[in-house]
Each structure stands twice: as C-alpha cells, then as structure tokens.
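All remarks here apply to the structure that follows.
The values are calculated or read from the model by the stated rules, or taken from the named source; none is laboratory data. Nothing here was measured: the structure is a model prediction, and the numbers come from that model. Because the Cβ atoms are built from the backbone with ideal geometry, glycine has one as well, and the counts that use them run over all protein chains shown. Only protein heavy atoms, including side chains, enter the accessible area calculation; ligands, DNA and RNA are left aside. Shrake-Rupley method; radii C 1.70, N 1.55, O 1.52, S 1.80 Å.
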Amino acid sequence: MTTAPERLLQAFRQYLGALSEPVPSRFLEGLGEPMQARDLALRTLDCLAHLDRIAASAPPESHGLIRLLADHRDQLVWGQTYTAADFGQHFIDNYGWLELIGTRGHFESEEIAAGFLILGPGVHYPDHHHAAEEIYVPLAGEAEWRKGNGSFLRWQPGEVIHHPSNVSHAMRTGSEPLLALYLWRGGPLAQRSVIAPAETEAF
C-alpha cells in the first residue's frame with residue numbers, strides 16, 4: 001500500500017512531465033530516480049484551510065494534484081521559515097510550505113528541493129533572495145510576482161517562473177489564495193531567504 005507522500009510524489013512528477021512550457025532540465029535531474037523516504041513527525045498549519053478553496057478553482061491540468069494534496073494535508077509535514085515577528089500575524093496565518101523532496105523533506109535529496117507553497121488572500125511576501133536557483137509554477141489561485149527591479153506581473157497556472165541565484169523576488173496575492181509548485185537547486189537547500197535587496201537585474 002502506497003503512502004500519501006508516495007502518491008503525491010508520483011502526481012508531482014506527472015504534472016511536471018505534462019507541462020506545455022518545459023522546466024529547465026537541470027531542475028529535473030534525479031527527480032525520476034528512486035528516493036529514500038523519511039519518517040517524519042506530522043505538522044499542520046492554519047493556511048491549509050485554503051486548500052479546498054484552491055482546489056475548487058483549479059484548472060483541469062492541476063486539479064488532480066491539488067485535490068490529492070488537499071485530501072492528504074493532515075498526513076504531511078508542513079513548515080514555515082518565518083515568524084510573526086518577521087512579517088506579522090496575518091502573513092503567518094496564511095503562509096506555509098511542504099517540502100516533498102530535499103534535505104528535510106519526505107524524500108531525501110542533497111541535489112534538489114521540491115514541494116508546494118501556499119499563500120492566502122491579501123499576503124505580500126516581501127523582496128527576498130537566496131543562493132539556490134528557483135523555479136515556481138503556479139498551480140491555482142491569483143498572484144503577482146516581481147523579479148529584480150521589474151514590476152509586479154500576473155502569471156497564470158502552468159507557467160514557469162525562474163529566479164536565478166541571489167536575484168531578489170517578491171510575490172503578492174489579491175482576493176484569492178495561491179498554491180504554487182517550487183523547485184530549488186544549487187546553494188544551501190534549506191537556507192533561510194535574505195529579506196533585503198541583493199544585486200538585482202531587470203527582466
């Protein structure tokens with residue numbers, strides 16, 4: 001009998017493989033190989049309450065993956081990097097991530113980190129940067145993203161957003177919550193982001 005993380009990993013791989021806009025191959029190296037599962041203590045967060053609303057508005061391409069995540073939310077280990085002292089209580093109540101693969105995730109990897117980010121409505125994730133390269137793929141919901149010195153832009157579900165190493169980026173949601181898939185490679189995979197402008201580029 002497969003576990004919830006195993007079913008989620010299979011659906012995660014299938015979704016990435018079906019994207020019309022391909023993810024750069026260096027982010028996928030090793031993703032299809034067998035991975036050692038970890039036995040982790042479960043943790044839930046307040047932001048998981050948004051998953052049913054997110055699933056209800058999800059496009060067909062991501063609905064199955066999101067529904068699987070929502071149905072098994074209590075069998076997974078959710079995390080937060082920040083506290084209310086960083087960005088306020090509203091942010092903390094509406095923010096969380098699940099590391100499916102990585103140095104602290106359900107499946108061990110020293111090469112990549114991969115999982116999901118939830119942001120509830122009316123959340124501003126301030127400009128931050130980190131050494132690891134990052135890919136985001138919005139799965140459902142509404143959000144605007146800023147990279148470098150650029151303006152906030154709306155990205156649609158299924159589009160691939162790339163943040164190079166140490167380039168500042170930010171996100172904000174409107175009236176709807178956001179669920180996005182993420183991939184990290186290079187640099188410390190569990191690094192806390194630096195909430196300060198790095199040397200940025202306009203895109």
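Just give me the residues in region 19-43 being open to solvent by 80 Å² or more (accessible area, probe 1.4 Å) and either assigned to a helix (DSSP H, G or I) or not basic (Lys, Arg) (or both), in sequence order.
Start the filter on region 19-43 by keeping residues that are open to solvent by 80 Å² or more (accessible area, probe 1.4 Å), which leaves 20, 22, 25-26, 29, 33-34, 36, 39, 41-43.
Of everything in region 19-43, those that are open to solvent by 80 Å² or more (accessible area, probe 1.4 Å) and either assigned to a helix (DSSP H, G or I) or not basic (Lys, Arg) (or both) turn out to be Ser20, Pro22, Ser25, Arg26, Glu29, Glu33, Pro34, Gln36, Asp39, Ala41, Leu42.
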Of the residues that make up region 103-120, is at least one in contact (Cβ under 8 Å) with a residue 24 or more places away in the chain, more than 21 Å from Arg13 (Cα to Cα) and not aliphatic (A, V, I, L, M)? yes
Filter region 181-203 down to residues that are modelled with pLDDT of 95 or more and touching a Gly at 6+ places or on another chain (Cβ under 8 Å), then give me how many there are. 3
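With respect to Glu111, is the statement that it is over 12 Å from Leu179 (Cβ atoms), among the acidic types (Asp, Glu) and over 15 Å from the mean Cα position of the chain (by Cα) true?
Values: over 12 Å from Leu179 (Cβ atoms): yes; among the acidic types (Asp, Glu): yes; over 15 Å from the mean Cα position of the chain (by Cα): yes.
Spelling it out, Glu111 is indeed over 12 Å from Leu179 (Cβ atoms), among the acidic types (Asp, Glu) and over 15 Å from the mean Cα position of the chain (by Cα).
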Give me the pairs, please: first residue somewhere in region 1-20 and free of Cβ contacts under 8 Å to residues at least 40 places away in the same chain, second residue anywhere and outside any helix (DSSP H, G or I), beta-carbon distance under 7 Å, and either six or more positions apart or on two chains. Arg13/Leu31; Arg13/Gly32
Just to check your reading of the model, which residue among Glu133, Glu111, Glu99 is surrounded by 22 or more Cβ atoms within 10 Å (Cβ to Cβ) and of a type in the set (Asp, Glu)? Glu99
Matching residues in region 51-65 - criterion: being more than 16 Å from Trp97 (Cβ to Cβ) and either among the polar types (S, T, N, Q) or surrounded by 15 or more Cβ atoms within 10 Å (Cβ to Cβ) (or both): Arg53, Ala55, Ser57, Ala58, Glu61, Ser62, His63
Go through the residues of region 150-159 one by one and say whether even a single one is aromatic (Phe, Trp, Tyr) and in contact (Cβ under 8 Å) with a residue 24 or more places away in the chain. no
Does Ser168 count as open to solvent by less than 30 Å² (accessible area, probe 1.4 Å) and of a type in the set (S, T, N, Q)? yes
Positions within region 136-157 being in contact with an Asp or Glu (Cβ under 7 Å, 6 or more places away or on another chain), surrounded by fewer than 18 Cβ atoms within 10 Å (Cβ to Cβ) and not in a strand (DSSP E or B), in sequence order: Phe152
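With respect to Arg7, is the statement that it is open to solvent by 40 Å² or more (accessible area, probe 1.4 Å), of a type in the set (D, E, K, R) and under 16 Å from the mean Cα position of the chain (by Cα) true?
Values: open to solvent by 40 Å² or more (accessible area, probe 1.4 Å): yes; of a type in the set (D, E, K, R): yes; under 16 Å from the mean Cα position of the chain (by Cα): no.
No; evaluated as a whole, the condition is false for this residue.
Out of Leu68, Leu48, which single residue is closer than 29 Å to His90 by Cα, touching a helix residue (DSSP H, G or I) at 6+ places or on another chain (Cβ under 8 Å), of a type outside the set (D, E, K, R) and open to solvent by 20 Å² or more (accessible area, probe 1.4 Å)? Working first, answer last.
Numbers: Leu48 fails: open to solvent by 20 Å² or more (accessible area, probe 1.4 Å).
That would be Leu68, the only listed residue that is closer than 29 Å to His90 by Cα, touching a helix residue (DSSP H, G or I) at 6+ places or on another chain (Cβ under 8 Å), of a type outside the set (D, E, K, R) and open to solvent by 20 Å² or more (accessible area, probe 1.4 Å).
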